[in-house]
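Here's the structure we're looking at; comments come further down.
The values are calculated or read from the model by the stated rules, or taken from the named source; none is laboratory data. As the structure is a computational prediction, the values presented were derived from the model and not from experiment. Every residue, glycine as well, gets a Cβ built from its backbone with ideal geometry; the counts of neighbours run over all protein chains shown.
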Amino acid sequence: MIGVLVVDDQHLMREGLVALLGMCADIEVVGEAADGNAAVEFVAEHGPDVVLMDLRMPVLGGAEATRQILARRSGTAVLVLTTYADDESISEALGAGARGYLTKDAGRDEIAAAVRSAAAGHATFDRTVSDRLLAAFSGAASQESSGKPVGLTGREAEVLGLIADGLSNADIAAHLVIGETTVKTHINNLFAKIGVRTRAEAVRYAFRIGITGS
């Protein structure tokens, strides 16, 4: 079971999310919080797998709460679910270490799938957020004339782009017709080259230099 903490200052929204996630056989809501401070304290005590985090809340906002949560317990994944999809909000959340970012326009299946993806260590962004990231960061860093980031092989750049598109290791292996062990090797190599440790950081890097697999 994937243990989820639901964080939102609106009681009605929390109730809806709890009900929604309660319909999933593999997801269990283990707690609720109405502000970032309460979320930080809950995670420190109970260590849920995923925190479904709103951004704009009283006492302590979602971005700073995310930063504090991950500083104390890096094994917990934070998935942002918010009304806001402006560049500043997205940048703050990802900079704090959020593993995914959805807007509240997301449907039930999309939210559930994103929770599962975050728990598995994958980054998830809805289309609106992906489009804004691409618009904000495309071409921001220099690239080789071949179109791949400096220092990466062509296959490593391809794998990075597929990670940015939200594909799992198994999906990447199927797409490239290679083994999952080979995919893991490429990921380990490219992570070392670009100086990141998580898929979320790799996604931010990929969007910053304007590379995706599609």
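Every condition in (1) part of a helix (DSSP H, G or I); (2) more than 20 Å from the chain's Cα centre (by Cα) holds for Val43 except the one numbered (2).
A single member of Ala157, Ala206, Ala200 is touching a residue at least 60 places away in the same chain (Cβ under 8 Å) and crowded, with 16+ Cβ neighbours inside 10 Å, and it is Ala200. If you go through segment 11-40 and keep only what is in contact with a helix residue (DSSP H, G or I) (Cβ under 8 Å, 6 or more places away or on another chain), in a helix (DSSP H, G or I) and farther than 16 Å from Val115 by Cβ, you end up with Gly36, Asn37, Val40. If you go through segment 172-204 and keep only what is among the hydrophobic types (A, V, I, L, M, F, W, C) and under 19 Å from the mean Cα position of the chain (by Cα), you end up with Ile172, Ile187, Leu190, Phe191, Ile194, Val196, Ala200, Ala202, Val203. Looking at Ala174, Ala164, just one residue is among the small types (Gly, Ala, Ser), crowded, with 21+ Cβ neighbours inside 10 Å and either closer than 25 Å to Asp126 by Cβ or in contact (Cβ under 8 Å) with a residue 40 or more places away in the chain (or both), and that residue is Ala164. Taking first residues from segment 60-74 that are in the same structural domain as Asp9 (by TED's automatic domain parsing) and partners that are crowded, with 24+ Cβ neighbours inside 10 Å and of a type in the set (Asp, Glu), the Cβ contacts under 7 Å between residues at least 6 apart in sequence or on separate chains come to Gly62/Asp54.
Conditions (1) surrounded by fewer than 19 Cβ atoms within 10 Å (Cβ to Cβ); (2) among the aliphatic types (A, V, I, L, M), marked per residue:
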| position | (1), (2) |
| --- | --- |
| Val7 | no, yes |
| Leu12 | yes, yes |
| Gly22 | yes, no |
| Asp26 | yes, no |
| Val29 | no, yes |
| Asn37 | yes, no |
| Glu41 | yes, no |
| Ala44 | yes, yes |
